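K.L.:
Below are the structure tokens for one structure; questions will follow.
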Amino acid sequence: MTTYTNSMFDKIKTAMNTQNNQGGNSRYKDILKTEVGNVYTVRLIPNIENPEKTFFHYYTHAWESFSTGQYISNVSPQTWNQKDPIAEARFSLGKHGTDEEKAKASKIMRRENWLVNVYVINDPSNPDNNGKVKLLRYGKQLHKIVTDAITGEDSDEYGPRVFDLSENGCNLKIKVERQGEYPTYVSSRFASPTSIDGLDNEQSINEVLESASDLESVFPVKSYDELKEVLNEHFYCRSSDPVESQQSTPKP
């Protein structure tokens, strides 16, 4: 029996700020894609085997390669409190480098994101996703809304209901708007309890719970040395380690 329980919810709450996960093979295709101007309706899915791993909290470093022009993005080992050569270079050059080095280092964008499994109720961009389990990747705006509902000021109203797939559960309505050049999610919210078409018995609910993805295996994870190779090729534009001198300017 895999029915979602309150004890699972307690483990999820405890783990929200203490996750320590590590990834494997990339599964970008499973990530729900959102577009400005649309509202997406989903129900969050708990990890019934390991509730503390319901969310994956991680950091990335990304930039356009200075050697090939391609978009480079890697999960940072800082996710697991480990050393990251890209973070080290970004910090060192940004603080001690020449003006040219500082400008170049500023092109490396550090992002904080979360992943969670969701059951898609309405995807206006791709209706084929409706009724499927997908991955919701989100940043700080949605994280605040989710956290408030689970452990914050809205927890009395929502709490365990955000993971409940029965008629007692609450959908997350993700409203994507434009703010300047970027999308904003601040108008997103959890809705009142409602049933989900097609999930009208324990068997169908358990099938969804059991089909949730292992978030640890969504993204590939590179070692320190592998990330150094990425840095050398796509930032320093060289095949060997750069000379560790603050006076030397990396090739553009």
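K.L.:
Each label point is 7 Å from the Cα along the Cα-to-Cβ direction; what then is the distance between the points at D148 and D128, in nm?
P.N.:
Going from the D148 label point to the D128 one covers 3.6 nm.
K.L.:
How many nm separate the modelled label positions at S204 and E216, each set 7 Å beyond the Cα in the direction of the Cβ?
P.N.:
3.3 nm
K.L.:
While we're here: What is the calculated FRET efficiency for E88 to Y182, with r their C-beta to C-beta distance and R₀ = 25 Å, to the nearest 0.05?
P.N.:
Numbers: r = 28 Å, r/R0 = 1.12.
For R0 = 25 Å, the calculated efficiency reads 0.35.
K.L.:
Taking the Cα centroid of segment 115-165 and of segment 33-100, what is the distance between the two, rounded to the nearest whole Å?
P.N.:
Using only Cα atoms, the two centres lie 20 Å from each other.
K.L.:
Between Y224 and C237, 0.36 nm times their residue separation minus their Cα-Cα distance comes to what? Write out the running numbers ahead of the final one.
P.N.:
Working: separation 13, 0.36 × 13 = 4.68 nm, distance 1.80 nm.
Roughly 2.9 nm would be gained on extension.
K.L.:
Separate question: Can you put D197, D128, D214, D148 in order of accessible area, largest first, using a 1.4 Å probe? Walk me through the intermediate numbers first.
P.N.:
On the way: D197 140, D128 115, D214 80, D148 30 Å².
Ranked from most to least accessible, the order is D197, D128, D214, D148.
K.L.:
Then there's this: What lysines could a cross-link reach from K144, if we take a straight Cα to Cα line under 21 Å and drop same-chain neighbours fewer than 8 places away?
P.N.:
Once the sequence-local lysines are set aside, what remains near K144 is K11, K13, K33, K53, K134, K173, K175.
K.L.:
Right, here's the next one. Per residue, what accessible area does segment 151-212 have, given a 1.4 Å probe and all protein chains present, in Å²? Before the final figure, lay out each step's value.
P.N.:
Working: 3650 Å² over 62 residues.
Value returned for segment 151-212: 59 Å² of accessible area per residue.
K.L.:
Compute, for segment 154-222, the length of the dipole vector about the Cα centre, with Cβ point charges of +1 (Lys, Arg) and -1 (Asp, Glu) only. Units Debye, rounded to 20. Can you show the working numbers first?
P.N.:
Working: 6 positive and 14 negative charges, 98 e Å.
Charge dipole of segment 154-222: 480 debye, to the nearest 20.
K.L.:
Right, another one. Report the residues of segment 141-161 in range of a label on K173: point 7 Å along Cα→C-beta, backbone N strictly under 19 Å from it.
P.N.:
Inside the label zone: 142-150, 154-155, 157-159, 161.
K.L.:
Counting Lys +1, Arg +1, Asp -1, Glu -1, what net charge surrounds G131 among other residues with beta carbon under 14 Å of its beta carbon? Show your work: numbers first, answer last.
P.N.:
Working: positive: R43, K132, K134; negative: D123, D128, D197, D200, E207.
Spelling it out: positives minus negatives among the neighbours equals -2.
K.L.:
Apply the Karplus parameterisation 6.51 cos²θ - 1.76 cosθ + 1.60, with θ equal to phi minus 60°, to every residue of segment 179-194 and state each ³J(HN,Hα) to the nearest whole Hz, in sequence, with x for glycine and proline.
P.N.:
Result, ordered by residue: 10, x, 9, 10, x, 10, 10, 5, 8, 5, 6, 8, 9, 5, x, 7 Hz.
K.L.:
Can you list residues whose amide H is under 5 Å from I31's amide H, if they're 5+ apart or on another chain and H is modeled 1.01 Å from N?
P.N.:
L135
The values are calculated or read from the model by the stated rules, or taken from the named source; none is laboratory data. Bear in mind the structure is a predicted one, so any value in this text is a computation, not a measurement. With ideal geometry, Cβ positions are generated from the backbone for all residues, glycine too; neighbour counts draw on all protein chains shown. Ligands, DNA and RNA are stripped out before the accessible areas are found, and what is left, the full protein with its side chains, is counted by its heavy atoms. Shrake-Rupley method; radii C 1.70, N 1.55, O 1.52, S 1.80 Å.
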